[in-house]
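The values are calculated or read from the model by the stated rules, or taken from the named source; none is laboratory data. A quick note: this is a predicted structure, and the numbers were derived from the prediction, not measured. For neighbour counting, all protein chains shown are included, and Cβ atoms are generated from backbone atoms with ideal geometry for every residue, glycine included. The protein model used for the area step is the full one, side chains on, heavy atoms only, and it has no ligands, DNA or RNA in it. Shrake-Rupley method; radii C 1.70, N 1.55, O 1.52, S 1.80 Å.
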Amino acid sequence: MRKVTRMTGNVIDPKSRASLAEWLCYGAGLLLVVGALFQMISSEVRAAQASAQLPEMQLWSDEAKERYLAALDETPGATLGRLRAPSLGLEVPVYESASDLHMDLGAGVIEGMSYPHEPGHIGIAGHRDGYFRVLKDIAVGDALVLDTLNGQKRFVVEELRIIDPEEVAYLDFTTDQRLTIVTCYPFYYAGNAPQR
């Protein structure tokens, strides 16, 4: 008499198991390749966007370029406005303070002075070897535009003056709307420039 054993369930052929394992490996490998390609493409897109937003740095010193690129990794906070001098091609973000980080990334409001969106005397400082290097060519009568949180303010350059750092009377409070821009001088001085 023969004994018959009945089995329930699916029986997988050993060759089929190998095929399934191979397909799972191929699928996992394909997912890894697709993920790596996505990361590479995303990285290239981010790099292209960052380079498209870089300011014109042709006149900048090598040190100013290095400071700017290093500062991009920091979190400076929101800008309060954008200062433009159309005749010079200047367009610089304005931050809430004249800290090293803010001036490496753009320009900053001088402590104790009005913010761009406020009435009164607005004082903005920037490095002479970065964004503000183009100010070497500014002239009386040039237009300055300050894009603020409350709209646009327009100014005309009335005076250019070279002063010593101690001469701070030019930054005094005023009730009339006024803009004073400060940078070090001379523009191409080696070391700490002696004037403003």
Pairwise label distance in nanometres, Asn150 with Ser99, each label 7 Å out on the Cα-Cβ vector: 2.5 nm
Expected-Rg normalisation [2.2 N^0.38 Å, Cα atoms] applied to the stretch 50-109: 1.08
Largest-first principal axis extents of the Cα set of the stretch 59-196 (Å): 38, 32, 29
Sites Asp176 and Met57 - FRET efficiency at Förster radius 45 Å, r taken between beta-carbons, to 0.05: 0.80
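With all protein chains present and a 1.4 Å probe, how do Lys65, Lys153 order by accessible area, largest first? It would help to have the intermediate numbers written out before the result.
On the way: Lys65 60, Lys153 40 Å².
These residues rank, largest area first, as Lys65, Lys153.
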